[in-house]
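Presented below is the structure to which this report refers.
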Amino acid sequence: GLTVETISRLLGRFQKLGVLSVQGKYIIINNINELIKLSGIHKTKITMTE
């Protein structure tokens, strides 16, 4: 599994890149296309809902 430290480090890295932001208990995705690119998953395999 993932440790709290690993998640914290990844969230910090993504925030510095402007991909997401953390507001209280919410994680806001600011740049979905960049997040998909960083994930290495092909865009056609992703389903997005609101």
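Mind checking which lysines have their C-alpha under 19 Å from Lys45, skipping anything on the same chain fewer than 8 residues away?
Lys37
Given R₀ = 25 Å, what would the calculated FRET efficiency be for Asn33 paired with Thr3, taking r from the Cβ atoms and rounding to 0.05?
On the way: r = 28 Å, r/R0 = 1.13.
My answer for the efficiency is 0.30.
Based on DSSP H runs of at least 4 residues, each adding -39500 (n - 2.57), what is the mean residue ellipticity at 222 nm of the chain after dividing by all its residues, to the nearest 500 deg cm²/dmol?
For the chain, the value works out to -12500 deg cm²/dmol.
Just the number: Rg to Rh for the chain, Cα atoms, Kirkwood Rh, two decimals.
0.98
No value in this document is a laboratory result; all are computed from the given coordinates. None of these values were measured; they are calculated from a predicted model. Positions of Cβ are backbone-derived with ideal geometry, glycine not excepted, and every protein chain shown enters the neighbour counts.
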